[in-house]
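The values are calculated or read from the model by the stated rules, or taken from the named source; none is laboratory data. Note that the coordinates shown come from a computational prediction; the quantities given were computed from them, not determined experimentally. Note that each Cβ is placed from the backbone with ideal geometry, even for glycine, and that neighbours are counted across all protein chains shown.
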Amino acid sequence: MQKVKLPHSVDPVKSAVKRSDYRGVIASKDMVRLNEAVVSCDEWVNAEVQFEKDAQGLTVFHGHLQTQVTLICQRCNGEFTHDLYSEFCFSPVQGQADDDEGLPEAYEPVEVNDHGEVSLLQIFEDELIISLPIVALHAEKDCAVSKDDMSFGKIDPANERPNPFAVLKELKRDQE
Ligand SMILES: [Zn+2]
């Protein structure tokens, strides 16, 4: 099946008027920060996004993202693959994000640029980064270090390195 590449930037208002519905992929190699946060990422990020006007006439675009990344287990240092999945619902705002007052809580504000466009590439990359686990760990049954080893203190959980992007996740939570 041919992979349809999503545009990196779109005008969300025009797209909503046209009720655009994108199903396709974005090349993960264009997501530099995501690549820095993982050992490797699938070549493609699968994305589905629908643009529409809600009952109040607000422009929204919502959908989901999915890809696979390879992470390092903070318990045994082994690599493992992790399915990244994220659902989103954004609403474009003009200017600073303070203008999001009046937006329903379920809508996350995104700023449009001077051309009235939003960068799907950037928004989706941010979305995937904050979907990464705060501490990357194997499922217990797959981990080379068993729970019993842990209880003998061979590995101090305090040494588990938190995901550097965890702070972003916290920031985002505070804003909600
Ligand atoms: Zn492990």
*List every residue pair whose Cβ atoms sit under 9 Å apart, with the two residues 6 or more apart in sequence or on different chains, where the first one lies in the range 134-145 and is more than 7 Å from the ligand (Cβ to nearest atom) and the second, anywhere, is among the hydroxyl-bearing types (S, T, Y).*
E140/S146
_Criterion (at pLDDT 95 or above, away from the ligand (no atom under 16 Å from the Cβ), buried (at least 19 other Cβ atoms within 10 Å of the Cβ) and closer than 26 Å to S40 by Cα) met by exactly one of L121, L65_ = L65
*Scan the range 33-50 and report the pairs whose first residue is closer than 24 Å to C89 by Cβ and touching a residue at least 40 places away in the same chain (Cβ under 8 Å) and whose second residue is part of a strand (DSSP E or B) and of a type in the set (D, E), with Cβ atoms within less than 8 Å and a gap of 6+ or a chain change.*
V49/D21
*Just wondering, is there one or more residues in the range 101-117 that are surrounded by 15 or more Cβ atoms within 10 Å (Cβ to Cβ), at pLDDT 95 or above and within 30 Å of E43 (Cα to Cα)?*
yes
*Restricting the first residue to the range 73-96 and requiring it to be closer than 20 Å to V38 by Cβ, which pairs with a second residue that is within 12 Å of the ligand (Cβ to nearest atom) and of a type in the set (D, E) meet a Cβ separation below 8 Å and a spacing of at least six or different chains?*
C73/E79; Q74/E160; R75/E160; F80/D142
*Filtered residues of the range 1-20 (kept if surrounded by 12 or more Cβ atoms within 10 Å (Cβ to Cβ) and not polar (S, T, N, Q))*: K3, K5, L6, P7, H8, V10, D11, P12, V13, K14, A16, V17
